Structures are given as structure tokens and as C-alpha cells.
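Everything below concerns the one structure shown next.
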């Protein structure tokens, strides 16, 4: 304190000397327009300013020297802890279903009857529509009569042959005639069955495309669209570098932006073929759809769990620095005594990232006090003060 008083004394004396005489004030000098007097006054004031600046600097230096907190660096720390780290591959996919088809006829003719309407639930094998058979049914009936006659003849010849009556050739001719007739009937019945349009699987009639009474062509005329929304899946394209980590059974978080809905799912199939054009492979992700809100072609955001470390040390990426050799490092608080510690550099090896955090593979131990706030300003071996979290 005595030193500060001693430094102030020259300033006080100078101010007293300046104010001792009856000098004219600045406004008076300006009004008189006396160049010599104005110049002298300016030079005097400049000298006073320089003297004051010098004294202020001495006072600042003195305060810096005697201030008890002058060189302390304050930091915050967090404890490095083992935790489960799940890394996710994020990409986009589209919903699809293998049970979404447009049924076309297997028989040429007139669409005679349509038995269903849009929105109707149908079962596998249910008849949805029928095409006029053009007299095919009558042909089947006639052939069936002939087949029945051939069967009766064959059975009689067989009984006689079993009794060793008649010739073998008669028996074989009767058998051949019956079998040929029956095959002809079966063939026509197969053709006749094609006139009935059946549901290939259980689902909902989404659209009745062709009206009753229209002429339809086998394999060409679209009749009815049927959809089953229970067996939905998402197809996604995965870069080949994930071929060993994105496999069947992996967990997936599926988010539908339009629905604002997130559901857990799994990869049910991973392709073995890599597309040579873009070096990718496809995966299918089964999507449960009990309420039926998920529709084909709906966009979905996927997070596929491609890596898990049950004992990972995660730290914010913001505390990591890099030296001239490209090595990464952090600072830890070492030799902690109360709130005082020393900053110690620790080189690390990092792994995968997730958001703002990164996995430390090597260089940190469970329980290390990693410097957070102040990590960019401390030096190796510097004494630091730990603030409360």
C-alpha cells in the first residue's frame, strides 16, 4: 500500500503545479486567437497526459504483481467412465410389400361378374371375379360323360381280366381309353378353373380396375389390385464397407417423418450380391404394421446399429486437440489436491463418432478427470484451479 501512495505523489504534485498560477482557460485562449499561447497550452497538456499514462501503467503493473489470483487458470473437469456405446449407420429407405399386386386374368373373354368392392377384406383363394367361359363348361360336362363311360368299360374289363376271361389287349385298350378320357377332362377343368379370378393371398381390395362386362385378355388386362399391409418391409442400399457389420438380425430404429412415429425393427435379409455399379448391397427390414398406418412407398429414416462397445469411454469432440504430427490428445487434471491440480497432456486414439461424442479406444482410463472448459487454453504441467461443476 505504501508503494501505491508513493507512485501517486508525483501525480498530485504535478496537478498542484499546473493549477498554481492564474492561467487563462482554453476558451479564452481560443477567443484571443493567440497562436503562440495556444501552442504552449497544447504542449503543456500533452506533457501532463503522457505523465498520467506513465503513472497509470505503473499502478496497473503494481496491482498485477500483488493480485493473489494473477496467474490462476480455472477449469472444469468430467470423469471418464465406461459406458455402452451403440454406433448407428443413418440412411433413408422406402416402404414396400411383396403382397401388393395387380391381378390379371388367365383366360380370354368377357368379365362376367365381379364379386368384390374396394376396401373389402378377402381371404386367400376367395373368388373375386369370373370370366365367361364361352361354353367351356358344357364341353367339360360332355367329356365327363364320356370319361364315366370309359371308366365303366374299363372296370368291367378289369373284372373279366381278373377272372382270366377275355384277352389282355381288350383290358389294356379299355384302360388306355379311360385314362386318356380322364386326362382330357382334367385338362379342360384346368382351363375352366382359370375363368375364376381368385385372391392369391389374404388382403384388402385396393382398386377394382376393370368394370364388369369388359373384354379382357389373358396376362394383359389389369382387373383388381389387392394389398396386404401386414407384411411390410423397407429396402435400403448399404455401402459395401458395411458388409460385415450390417447383417441379418441387426437392430434398426425406423422413423417415419410423415407419421411422426418411431418403431424398433430388425434386418430380416441382407443380400449376398454387391452391385458393381455403385458398390452397394441391399437389405430388407421387416416392419410391423398392426394398425395399418404404414403404406407402400412411405419414406423412412433408418438408424442401423452396426457397432456396439459395451465398455466404451466417450468424450466430447470439442476437448480434443491435434499436434503437428496429427496425433490427437486431451488434457487431464493430475495430482489433484482439493481444487488445485496440474494439467497433463494425454495422447489418445479415437474410434467411431455419434453426434458430438467420440469413442476413445486408447489413452484414457476409467475415472480419469478430463479437462472440459479450459481444455484449449492450458499447457502441459500448468497449475490449474478446478471450479465446481
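The values are calculated or read from the model by the stated rules, or taken from the named source; none is laboratory data. Predicted model only: the values in this text are computed from it and were never measured. Please note: Cβ atoms are built from the backbone with ideal geometry, for glycine as well, and neighbour counts cover all protein chains shown.
Here are the numbers for this structure:
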item	result
Condition broken by residue 140, with the remaining ones in (1) touching a strand residue (DSSP E or B) at 6+ places or on another chain (Cβ under 9 Å); (2) modelled with pLDDT under 90; (3) surrounded by 17 or more Cβ atoms within 10 Å (Cβ to Cβ) satisfied	(1)
Some residue of region 325-344 being touching a strand residue (DSSP E or B) at 6+ places or on another chain (Cβ under 9 Å), modelled with pLDDT of 90 or more and not in a strand (DSSP E or B)	yes
Qualifying residue in region 136-156 (condition: touching a residue at least 60 places away in the same chain (Cβ under 8 Å) and closer than 25 Å to residue 213 by Cβ)	no
Residue, farthest from residue 371 (Cα to Cα), within region 298-315, restricted to residues that are modelled with pLDDT of 90 or more and surrounded by fewer than 17 Cβ atoms within 10 Å (Cβ to Cβ)	299
Out of 330, 319, 283, sole residue that is in contact with a helix residue (DSSP H, G or I) (Cβ under 6 Å, 6 or more places away or on another chain), free of Cβ contacts under 8 Å to residues at least 60 places away in the same chain, under 28 Å from residue 84 (Cα atoms) and surrounded by 16 or more Cβ atoms within 10 Å (Cβ to Cβ)	330
Selection within region 208-221 - farther than 11 Å from residue 107 by Cβ and either loosely packed, with under 14 Cβ neighbours inside 10 Å or not assigned by TED's automatic domain parsing to the domain that holds residue 106 (or both)	211, 212, 213, 214, 215, 220
Index of the failed condition, residue 213 passing every other in (1) free of Cβ contacts under 8 Å to residues at least 40 places away in the same chain; (2) farther than 23 Å from residue 86 by Cβ; (3) touching a strand residue (DSSP E or B) at 6+ places or on another chain (Cβ under 8 Å)	(1)
Unmet requirement for residue 190, which otherwise passes all of (1) in a helix (DSSP H, G or I); (2) more than 22 Å from residue 115 (Cβ to Cβ); (3) free of Cβ contacts under 8 Å to residues at least 40 places away in the same chain	(2)
Breaking point among (1) farther than 24 Å from residue 89 by Cα; (2) part of a strand (DSSP E or B), for residue 360	(1)
Selection count where residues are under 24 Å from residue 107 (Cβ atoms), in contact with a helix residue (DSSP H, G or I) (Cβ under 7 Å, 6 or more places away or on another chain) and in a helix (DSSP H, G or I), scope region 130-175	8
